[in-house]
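Heads up, the thing below is written out as structure tokens.
Every read-out reported here was derived from the displayed coordinates using simple, explicitly stated rules and does not represent laboratory data. Treat the numbers as computed from the prediction; the structure is a model and nothing was measured. Backbone-built Cβ (ideal geometry, glycine too); neighbour counts: all protein chains shown.
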């Protein structure tokens, strides 16, 4: 009995989930107007933007009104010879030169029974001051988004977006000049300026282009398309810079304590140091690892053979070339150290004894004569 109750509980739970799923699906569908080929479609007497579901001819749900496709023939107004638009963004290799069309769709779903030509006394279907705000991310990156926000003074604002995902490929994306176009059945294709993308509010309208008034019904739908193009990311080259050389001198020796540099975008293979005396050993090449070990307590010492003033220059060697600077050039004075005579130790041998004896005798004689003369001693 207990096992039976457990099974019954599981069955009821599953049924409840199925019923809730069906109800949620119906509620979701009820949120939008249903397209139908039989009878009159239920819409509104006042403007509502992009609210139909299951629209044929590749439209589908109007709420998804910003779409993208990869262009195959360069003409973003050609829907016959280009692929269908993607409703979920686009993942692409984004090869250099690739072009993509961005599609922005707008439909005022209000009933045509309230348009001015049918109901001139109460044209409540007309959306007033209709504006589109087209924006796109351009420049360098791997993913780009495209947005459209539609506003009117007497209708709720709607917004849509799509994206281009280039995976791990960093590219540069830009608007193709002269590719922005607008379409509506009453006036067909017209050109728009490039500045309407990322340019703020664009006033649209149908049946009159740019009037701001948009009548309700399928024939007054508006489409704006523009094209973007992939270009390779420009290569930025930054040369290495030799920024500092530190030299100490001690007599005939020059001590190299440090060479500092910035590598930029180059690959540095090492630094050449020319000690400037023209000898076969005057130029050395130190690797980055060797340079890292240099210091005042661990210098590279170079011994000159002759005194003089010498110019020492460090040059950074890289795959972009060899580079030096005034900060890495230093003139040093190399001199022979002065010779200091050694101190003489006191000699206590016979020669010094005799000298001391004669010196003492002479001084004694002089003192004796002076003393006797002063005191008149005979």
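Some notes on this structure:
- Restricted to Cα atoms, region 24-231 shows a radius of gyration and a Dmax of 17.5, 59 angstrom.
- Pairwise Cα distances in region 147-239 exceed 24 Å in 35 percent of cases.
- Among 132, 219, 62, a tally of other beta-carbon atoms within 10 Å of each Cβ gives an order, fewest to most, of 219, 132, 62.
- Alpha-carbon spread of region 241-334, three principal axes, descending order, Å: 40, 26, 22
- In terms of other Cβ atoms within 10 Å, 183, 220 run from fewest to most in the order 183, 220.
- Equivalent ellipsoid semi-axes - Cα gyration tensor, region 87-204, angstrom: 34, 14, 12
- Part-to-part distance (alpha-carbon centres) for region 114-158 and region 242-295, which is given in Å: 67 Å
- Ordered by the count of other Cβ atoms within 10 Å of each Cβ, fewest first, 253, 197 give 253, 197.
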